[in-house]
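The next block holds one structure in the form of structure tokens; read it before the comments.
Laboratory data are not the source of any read-out in this text; all were calculated from the coordinates shown. Here the structure is a predicted model, which is why all the values come from computation and not from measurement. Neighbour counts are summed over all protein chains in view; Cβ atoms, including those assigned to glycine, are modelled from backbone coordinates with ideal geometry.
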Amino acid sequence: MATTNITIPNRSASGPEGKHAPARMKFYVDTKRCIECGGCEIACKNENNVPPGIARIRVVTVNEGQPGETNVAVPCMHCSNAPCISVCPVDALFNRADGIVHVNKETCIGCGYCLYACPFGAPQFPQGSPFGKRGVMDKCTYCAGGPEEAFSAVEQQLYGSNRIAEGKLPMCASVCSTKALVAGDAEEVANVVRYRAAARGSGNIWGAGTAYPSN
Amino acid sequence: MLEEFFFGGLSGGLFVIAVAADLLGIKFKQFEKFARMTSYLVLPVLALAGAFIAFHLGKPERGILFPFFFKNYDSWLVIGGWSVGLAVPLVATYAALWYYKINATIRRVLGVIVSPILGFVSFYTGLLLSGAMFVPLWSQEYLPYLFLNSGVLTGLAGSGLMYVLYQNFGSSKSEESSGVLRIIGYAIIFFVLVELFELQRFMDHLSSNPVKIDNSGYFVAPNGSVMAYEYVTQGVLAPWFWWGIIGLGLTIPLILTFIEMIFNKVIQPYVDWISGVKFASILSGGIILRFVIVWGGELKAPLTVIPQLNQIPFGG
């Protein structure tokens, strides 16, 4: 059974609680900067030895070949109140103190309920033998390994690298050439978003027309 | 996934029908054989549902040992898993009481007590789907009732089909069978009409553009339900919905039942065949209903939360 030994980074921004509060790790995907190079996908696979058939992050193209074509890198968004956690029958999914949603592969039964619950399609299942064909769930770990002891061989084998414990950011965000994918503490990410929005000025918000049709 | 939903719902319906027939058998003796045969059918169908669940799990051994692994009692899968786990020994006991003809009163009391659990197995398949809150088609207000009704309807068809086959191929035909089939016919008319009404209300609900509130406090976009409605009734699933569920599963059985009743004397030599076609038609419709609902879940509503609303405006 997994042993919990998690390294939680602290906030570096000057928030109300200063550096004593645990960070709330978040991704931000800037659709205006993504050039669909696929670097994040390759870097993730390479860093975490992701098995074939699994894409912990994938670049989705919306309105391909039409005006307004947009590329969105979609990893697990590590929701604060994650629907996958609420439906998981065996509590294999859980929020760490820093907001990262972990999966415990040693208790996951591979039911696939999280796959339907997740609005982003983050949970992935390898195709294997006919019996138990789904395998256990695999998803973006935010490069924070798993609930095993940090840097252990088991953690490396089941989940991949643990860059968060090393004090680094996820590999996908680190290699993003245009910085379309921003990762880090929510306060820092919010600062980046605010800065970019201010620099660009006002305009339509991408996706708002779909979410809120004018008629 | 649709196999376990179908067989789970069917097992619940079969048990409810078996107990109802058992109770009718107190006054009308012709129902005794029908009730006994139906009670024998429940356990294999329930086992089939369990086998399909295990077959679809990534780690079947952990699923089979669910009492040790299930922890999140807020998840419908855990509640449903326990209800199926509880149903198996009770259904087996009920069938054993029939087989050994122990005590009819004890059997009937057990049947009445266990019926809500098996009814819940049918009901729960809808609840399980509605736990995925970002799927607009999987409505908590409508799916459980739809699946419960469909479970009873397919239960009627399953038990009726087995009864017809047994009467024709398994034993000498008795005069009692036409009376049993007539009562099943009345019940089928009732449950088909209820299912049509439920489907109409469900589709009305989706097309009225309701906002579905999810359990994380976010809201699924208002047009998600309309998209689901169009996906099912006008999109790629439309032939399955109209021809499969409405046509094959509900309208044809309804017409055949009326034909049986109105032209009773004319069709008497073929009544078993017509009943057989009707029952097979209902069972096919039940499978197609699960198919449409499960694959309709492929459509997830656009979100009002990240990433849609946190994007950088155009022009930057």
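For peptide B:129-141, the mean count of partner chain Cβ atoms within 10 Å of a residue's Cβ comes to 3.
Quick check on packing: order A:157-166, A:86-95, A:187-196 by the mean number of other C-beta atoms within 10 Å, highest mean leading. Write out the running numbers ahead of the final one.
On the way: A:157-166: 20.0, A:86-95: 22.3, A:187-196: 15.1.
The peptides rank, most packed first, as A:86-95, A:157-166, A:187-196.
Listed by chain and number, the aspartates and glutamates whose C-alpha is less than 17 Å from the C-alpha of B:LYS300, apart from same-chain residues fewer than 8 away, are B:ASP214, B:GLU230.
Can you sort B:VAL294, A:VAL136 so the residue with the fewest Cβ neighbours within 10 Å comes first? Spell out each step's value before the answer.
Working: B:VAL294 18, A:VAL136 22.
Least crowded to most crowded, the residues run B:VAL294, A:VAL136.
Largest GNM mean-square fluctuation across B:SER207, B:SER159, B:SER122, computed for chain B with C-alpha springs under 10 Å, falls on B:SER207. Max-minus-min Cα coordinates of the stretch A:20-202 on each principal axis give 52, 46, 30 Å, with the largest extent listed first.
Neighbouring Cβ atoms from other chains, within 10 Å of the Cβ of residues in B:72-84, number 4 on average.
Would you mind giving the mean number of other chain beta-carbons within 10 Å of the Cβ of each residue in A:115-123, as a whole number? Display every interim value, and only then the final one.
Details: counts 2, 13, 10, 3, 14, 5, 1, 0, 0.
Mean shielding by partner chains, rounded to a whole number: 5.
Karplus-based coupling profile of the stretch A:57-68, in residue order and whole Hz: 9, 9, 9, 9, 9, 9, 6, 4, x, 10, x, x, with θ = phi - 60° in 6.51 cos²θ - 1.76 cosθ + 1.60 and x standing for Gly or Pro. Listed from fewest to most Cβ neighbours within 10 Å, the set A:GLU69, B:GLU195 follows the order A:GLU69, B:GLU195.
Phi-derived couplings, Karplus 6.51 cos²θ - 1.76 cosθ + 1.60 at θ = phi - 60°, listed residue by residue for the stretch B:84-94: 5, x, 6, 5, 4, x, 5, 5, 5, 5, 4 Hz, with x used for Gly and Pro.
Per residue of chain B, what 222 nm ellipticity follows from adding -39500 (n - 2.57) for every DSSP H run with n ≥ 4, rounded to the nearest 500? Mind dumping the intermediate values first?
Working: 11 runs with 210 residues, N = 316.
After summing the helix terms and dividing by residue count, I get -22500 deg cm²/dmol.
Here the scattering of chain B is modelled by Debye summation over its C-alpha atoms, one equal scatterer each and no solvent; at q = 0.08, 0.16 Å⁻¹ the log10 of I(q)/I(0) is -0.40, -1.31. Counting lysine pairs in the stretch B:1-131 that sit 8 or more residues apart in sequence, or on different chains, and whose Cα atoms lie under 29 Å apart gives 4. Computed over the alpha carbons of the stretch B:68-170, Rg followed by Dmax gives 16.8, 50 Å.
Would you mind calculating the gained length between B:ALA104 and B:TRP243 on full extension (0.36 nm times residue separation, minus the Cα-Cα distance), in nm to one decimal?
45.7 nm
Using equal-weight Cα scatterers in the Debye expression, the normalised intensity of the protein assembly as shown in log10 at q = 0.06, 0.07, 0.13 Å⁻¹ is -0.36, -0.48, -1.23.
Among the GluC sites (Glu not before Pro) in the stretch A:73-152, none sits in a DSSP loop with a Cβ that has at most 10 other Cβ atoms within 10 Å. Taking a ≥ b ≥ c as the square roots of the Cα gyration tensor eigenvalues, the stretch A:53-137 comes out oblate, since a/c reaches at least 1.5 and a/b does not exceed b/c.
Are there chymotrypsin sites (Phe, Trp or Tyr not before Pro) in the stretch B:1-93 that DSSP marks as loop and that have at most 11 other Cβ atoms within 10 Å, and which are they?
Passing both the DSSP loop test and the Cβ count: B:TYR73.
Once you charge only the Cβ atoms, +1 for Lys and Arg and -1 for Asp and Glu, what is the size of the charge dipole of the stretch A:20-202 about its Cα centre, to the nearest 20 debye? List each step's numbers first, then the result.
Details: 18 positive and 17 negative charges, 83 e Å.
The calculation lands at about 400 debye.
Under 5 Å between amide hydrogens, built in the peptide plane, is the criterion, and for A:VAL60 it picks out A:VAL72, A:ALA73, A:VAL74 among residues at least 5 positions away or on other chains.
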